[in-house]
1. When segment 23-40 is examined, which residues are found to be of a type in the set (Asp, Glu) and either crowded, with 16+ Cβ neighbours inside 10 Å or within 22 Å of Gly56 (Cβ to Cβ) (or both)?
2. Condition (residue is modelled with pLDDT under 90, over 18 Å from Lys67 (Cβ atoms) and either assigned to a loop (DSSP other than H, G, I, E, B) or in contact with a Gly (Cβ under 7 Å, 6 or more places away or on another chain) (or both)) applied to segment 39-49: is it met by at least one residue?
3. Output the residues belonging to segment 10-25 that are in contact with a Phe, Trp or Tyr (Cβ under 8 Å, 6 or more places away or on another chain), among the charged types (D, E, K, R) and assigned to a loop (DSSP other than H, G, I, E, B).
4. What number of residues within segment 1-22 satisfy the criterion of being more than 16 Å from the ligand (Cβ to nearest atom) and exposed (fewer than 13 other Cβ atoms within 10 Å of the Cβ)?
5. Do we have any residue at all in segment 29-36 that's among the small types (Gly, Ala, Ser) and away from the ligand (no atom under 11 Å from the Cβ)?
Amino acid sequence: MKCHRCDLDTVRVMTKSPVGNEWEVYVCDTCHYSWRSTEDIHVHDVFKLKADSIPGLQQIPPIPPLKTK
Ligand SMILES: [Zn+2]
């Protein structure tokens, strides 16, 4: 599985639902992006990261605004 933000194959299962095996939460060990298996993930291009640029970041990229319906 590839990370939605940095596109690297450094994703691991962080935790699973306590009952019923309903979902898993994944985290990327490179950029620390995390998401739940039940989410419909779309990372806008503005929030994509490349692994080689991460050490030079001066701040964590902010959370994007919530979608409006
Ligand atoms: Zn990542």
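The values are calculated or read from the model by the stated rules, or taken from the named source; none is laboratory data. A quick note: this is a predicted structure, and the numbers were derived from the prediction, not measured. Reconstructed Cβ throughout: ideal geometry from the backbone, glycine too, with neighbour counts over all protein chains shown.
1. Initially, segment 23-40 is screened for residues of a type in the set (Asp, Glu), giving 24, 29, 39-40.
Of everything in segment 23-40, just one residue is of a type in the set (Asp, Glu) and either crowded, with 16+ Cβ neighbours inside 10 Å or within 22 Å of Gly56 (Cβ to Cβ) (or both), namely Asp29.
2. Yes: one or more hits.
3. Here is the first cut: in segment 10-25, the residues in contact with a Phe, Trp or Tyr (Cβ under 8 Å, 6 or more places away or on another chain) are 11-14, 16-17, 25.
Next cut, among the charged types (D, E, K, R) only: 12, 16.
Within segment 10-25, none qualify.
4. Filtering segment 1-22 for residues more than 16 Å from the ligand (Cβ to nearest atom) gives 15-22.
Retained after the next criterion (residues that are exposed (fewer than 13 other Cβ atoms within 10 Å of the Cβ)): 15, 18-22.
The qualifying residues number 6.
5. Looking only at segment 29-36, we keep the residues that are among the small types (Gly, Ala, Ser), and these are 34.
Filter again for away from the ligand (no atom under 11 Å from the Cβ), leaving none.
No, because not a single residue in segment 29-36 is among the small types (Gly, Ala, Ser) and away from the ligand (no atom under 11 Å from the Cβ).
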